[in-house]
Amino acid sequence: EMPILWHLMGYYADFGFSEFVLCLGYKSETVVDFFRKQNGELTQLPTKPELSNIHEFKGLINRNNCVVKLVDTGLEAMTGARLRKIQQLIGDETFMLSYGDGLSDVDLGKLVKHHQDNKKFLTVTGVRPPSRFGELQVDDTNNVTGFNEKPQASGGRISGGFFVCEPNVFDYLEPREDLVFEKEPIQKIVHESQMTMYPHDEFWQCMDTYRDWELLNQMFKSGKAPWVRS
């Protein structure tokens with residue numbers, strides 16, 4: 001069984017995105033060891049400011065030639081701090097960002113086009129997650145008129161990750177280890193009307209619990225995983 005990161009990078013690679021930076025922290029060496037065992041070349045790169053442990057993997061992911069930088073961004077760093085530290089590896093290019101804890105069949109080509117067309121600093125994929133409970137439909141007298149077992153939520157959208165970012169995003173990242181990207185930085189970007197949403201109504205599934213892990217593994221083993229492109 002391959003880790004979720006491998007599935008996620010394979011999905012991006014199938015759309016032609018083949019350069020990755022992984023912001024590692026807890027058990028970073030476990031991730032490095034995993035890549036060491038894969039079919040490819042793993043080398044250690046020179047240190048950079050705030051980045052004392054950088055490895056680079058060159059090899060195949062889902063039949064695609066990929067380059068993956070494995071960067072130890074520290075045990076205590078929050079999401080905003082980790083992102084700020086890898087700016088020196090990304091430079092001044094538009095880049096994509098994912099948390100690495102969910103899978104989807106979002107069309108990454110259409111996502112990027114939406115981002116380019118809207119000319120904002122940040123685009124997030126808005127999803128309607130699957131409900132954990134059955135949905136009842138009733139009439140005015142409480143007679144059940146419909147029942148849908150664990151449907152896709154019909155309410156508002158949530159952030160599904162799968163961001164597209166302009167380098168301007170780095171201007172909102174203060175040099176603090178406790179900086180959470182989803183709080184002050186995104187709130188400021190929203191306040192300045194520099195964020196847009198790409199709506200995605202098809203498959204999206206996070207992996208927050210063991211139940212989620214089991215569900216995603218069952219999908220993959222069944223040969224019907226929506227994130228696997230033929």
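The values are calculated or read from the model by the stated rules, or taken from the named source; none is laboratory data. On a predicted model such as this, the values are computed, not experimentally measured, just so you know. No Cβ is skipped: glycine too gets one built from the backbone with ideal geometry, and neighbour counts run over all protein chains shown.
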Among the candidates ASP92, ASP33, which residue alone is of a type in the set (D, E, K, R) and in contact (Cβ under 8 Å) with a residue 40 or more places away in the chain? ASP92
Would you mind telling me which numbered condition in (1) at pLDDT 95 or above; (2) of a type outside the set (Val, Ile, Thr); (3) out of contact with any helix residue (DSSP H, G or I) (no Cβ under 6 Å at 6 or more places or on another chain) GLU76 fails? (1)
Residue ranges of strands (runs of 3 or more DSSP E) in the stretch 71-135 with at least 2 members touching a Phe, Trp or Tyr at 6+ places or on another chain (Cβ under 9 Å) and over 17 Å from LEU5 (Cα atoms): 122-127
Output for the stretch 212-230, where each listed residue is farther than 17 Å from MET9 by Cβ and assigned to a helix (DSSP H, G or I): ASP212, TRP213, GLU214, LEU215, ASN217, GLN218, MET219, LYS221
Return the residues of the stretch 28-65 that are buried (at least 18 other Cβ atoms within 10 Å of the Cβ), touching an Asp or Glu at 6+ places or on another chain (Cβ under 9 Å) and not in a strand (DSSP E or B); say none if nothing qualifies. SER28, VAL32
What do you reckon, is VAL68 within 30 Å of ALA225 (Cβ to Cβ), assigned by TED's automatic domain parsing to the domain that holds ASP33 and either over 14 Å from the mean Cα position of the chain (by Cα) or outside any strand (DSSP E or B) (or both)? yes
Can you tell me which residue in the stretch 171-188 is farthest from the chain's Cα centre (by Cα), limited to those that are outside any loop (DSSP other than H, G, I, E, B) and either at pLDDT below 90 or crowded, with 16+ Cβ neighbours inside 10 Å (or both)? TYR172
If you go through ALA13, ALA77, the only one that is in contact with a strand residue (DSSP E or B) (Cβ under 7 Å, 6 or more places away or on another chain) and either farther than 26 Å from GLU182 by Cβ or surrounded by 14 or more Cβ atoms within 10 Å (Cβ to Cβ) (or both) is ALA13
Quick one: would you say GLU50 is within 21 Å of the chain's Cα centre (by Cα), among the charged types (D, E, K, R) and modelled with pLDDT under 95? no
Residues that are free of Cβ contacts under 8 Å to residues at least 40 places away in the same chain and of a type outside the set (A, V, I, L, M, F, W, C), drawn from the stretch 194-223: THR209, TYR210, ARG211, ASP212, GLU214, GLN218, LYS221, SER222, GLY223
